[in-house]
Amino acid sequence: YSVGAGGHISGGGYGLLSRLQGLSSDWLAAVDMLTVDAAGRVIERRVDRNNDPDLFRACCGAGGAGFGVITAFRFKQLPVAPREVIEVSMHFPTMTEDQFVALLTAYGDYWVTRGRDKDTWGLFALLGVGPLRSNGYLGLHVQFCQPDGTVNDLSVLNEFLARFTAFHPFAMPSPWMRSGRPTSKSAASQPYESVRMSWLDSAISDRGGGGGARAKYKSCYMKQNFAAEEARTIYRFYSGNSITAASSVISIDSYGGAVNRTELAASTAIAKRSSMMKLQWQCYWRDPAEDEEHLRELDKFYTAIYSGPHV
């Protein structure tokens with residue numbers, strides 16, 4: 001909601017259906033836009049794979065601010081929306097550093113191995129890591145449907161969730177679950193909450209947003225699983241008592257699937273066609289006096305993960 005359709009589509013258009021159906025920009029047929037020539041004249045043009053193909057490719061994932069003013073996105077066709085989805089929420093209690101490393105490794109391992117298989121592409125997950133002190137924030141949220149848009153067969157979902165029951169999650173309401181009906185479950189066999197709902201109800205529900213007037217965002221993409229030292233660095237940061245650790249969260253999102261169709265690399269500007277996970281770093285605060293400290297601590301945290309001896 002914060003970037004609108006223009007920013008979303010021209011930047012690629014990544015969302016909960018991307019593993020199943022690709023990015024929004026993968027479905028573009030043409031873009032209407034205004035550009036400026038060397039003489040300063042505004043030129044109205046429609047670009048597609050035959051007219052200004054290089055410009056059209058740039059509009060398919062490289063952002064729109066640098067190429068002109070986009071006035072319309074044109075889609076020849078769009079994928080059929082799923083009929084219904086299952087949403088699952090797990091919350092993990094406080095754990096040791098070794099347990100956290102095992103959890104993060106199990107999560108990443110799925111996307112670089114089993115998650116490549118086409119029957120899993122309807123599975124999308126976000127593992128949120130935030131302040132871990134005093135039974136802090138560590139939660140897994142999942143949306144699932146079969147490739148045919150139904151939820152009649154949950155074997156793929158159950159196989160995925162089975163990786164995490166050993167970490168003793170307990171049921172906790174998800175902020176996503178605004179409507180729908182609980183699935184039939186045994187509390188002993190399914191220690192999590194799951195809700196079955198129409199895809200439309202899921203899509204229009206309130207996903208929430210940032211908790212402060214000031215914010216810093218950063219995204220990065222991973223082609224392989226976390227190294228043990230990377231996971232330990234995340235755990236130690238969020239187990240600390242800095243104001244930045246208390247104000248930030250990393251959402252570790254599933255990637256791959258239909259996003260990684262290699263045949264789209266030549267016709268779009270998305271450079272992450274081989275990535276398995278997307279990390280969204282978020283920090284929120286209200287006091288302008290904290291700006292410098294938050295930016296400095298986030299930079300140190302990010303650098304510690306991706307420039308250490310394990311890289």
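The values are calculated or read from the model by the stated rules, or taken from the named source; none is laboratory data. The shown structure was predicted, so the numbers you read here are calculated from the model rather than taken from an experiment. Note that we place each Cβ from the backbone using ideal geometry, even for glycine, and neighbour counts take in every protein chain shown. These area figures cover heavy atoms from the full protein model, side chains too; ligands, DNA and RNA do not enter into them. Shrake-Rupley method; radii C 1.70, N 1.55, O 1.52, S 1.80 Å.
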Filter segment 207-222 for residues that are of a type in the set (Lys, Arg) and either part of a strand (DSSP E or B) or at pLDDT 95 or above (or both); the one that is farthest from ASN260 (Cα to Cα) is ARG214
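If I filter segment 172-195 down to residues being among the hydrophobic types (A, V, I, L, M, F, W, C) and either under 22 Å from the mean Cα position of the chain (by Cα) or surrounded by 15 or more Cβ atoms within 10 Å (Cβ to Cβ) (or both), which single residue comes out as modelled with the highest pLDDT?
Here the residue is VAL195.
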For segment 74-97 the number of residues that are in contact with a Ser or Thr (Cβ under 8 Å, 6 or more places away or on another chain) and over 30 Å from ALA166 (Cα atoms) is 2
Residues of segment 236-252 being buried (at least 20 other Cβ atoms within 10 Å of the Cβ) and over 16 Å from ASP299 (Cα atoms), in sequence order, are ILE252
Filtering segment 140-155 down to residues that are surrounded by 15 or more Cβ atoms within 10 Å (Cβ to Cβ) and without any contact (Cβ under 8 Å) to a residue 60 or more places away in the chain yields LEU140, HIS141, VAL142, PHE144, GLN146
Filtering segment 1-16 for residues that are in a loop (DSSP other than H, G, I, E, B) and in contact with a helix residue (DSSP H, G or I) (Cβ under 6 Å, 6 or more places away or on another chain) leaves a count of 2
Within segment 22-46, residues assigned to a strand (DSSP E or B) and open to solvent by less than 40 Å² (accessible area, probe 1.4 Å) come out as LEU28, ALA29, ALA30, VAL31, ASP32, MET33, THR35
Expected single match for in a strand (DSSP E or B) and either more than 19 Å from GLY257 (Cα to Cα) or open to solvent by less than 20 Å² (accessible area, probe 1.4 Å) (or both) among ARG74, ARG57, ARG49, ARG19 is ARG74
Residue hits (segment 134-158; under 30 Å from ILE234 (Cα atoms) and in contact with a Gly (Cβ under 8 Å, 6 or more places away or on another chain)) are GLY136, TYR137, LEU138, GLY139, LEU140, HIS141, PHE144, VAL156
(request) For segment 260-271, indicate whether the set of residues that are surrounded by 14 or more Cβ atoms within 10 Å (Cβ to Cβ), under 21 Å from GLY139 (Cβ atoms) and not hydrophobic (A, V, I, L, M, F, W, C) is non-empty. (result) no
LYS278: passes all of (1) in contact (Cβ under 8 Å) with a residue 12 or more places away in the chain; (2) open to solvent by 10 Å² or more (accessible area, probe 1.4 Å); (3) farther than 18 Å from GLY11 by Cβ but (3)
Can VAL80 be described as open to solvent by 70 Å² or more (accessible area, probe 1.4 Å), of a type in the set (Val, Ile, Thr) and outside any strand (DSSP E or B)?
yes
If we keep only residues of segment 112-139 that are within 15 Å of GLN280 (Cβ to Cβ) and not small (Gly, Ala, Ser), then the residue surrounded by the fewest Cβ atoms within 10 Å (Cβ to Cβ) is TYR137
Every listed condition ((1) among the β-branched types (Val, Ile, Thr); (2) in contact with a Gly (Cβ under 9 Å, 6 or more places away or on another chain); (3) open to solvent by 50 Å² or more (accessible area, probe 1.4 Å)) holds for VAL69 save (2)
Can you find even one residue in segment 237-260 that is under 20 Å from the mean Cα position of the chain (by Cα), of a type in the set (D, E, K, R) and not in a helix (DSSP H, G or I)? yes
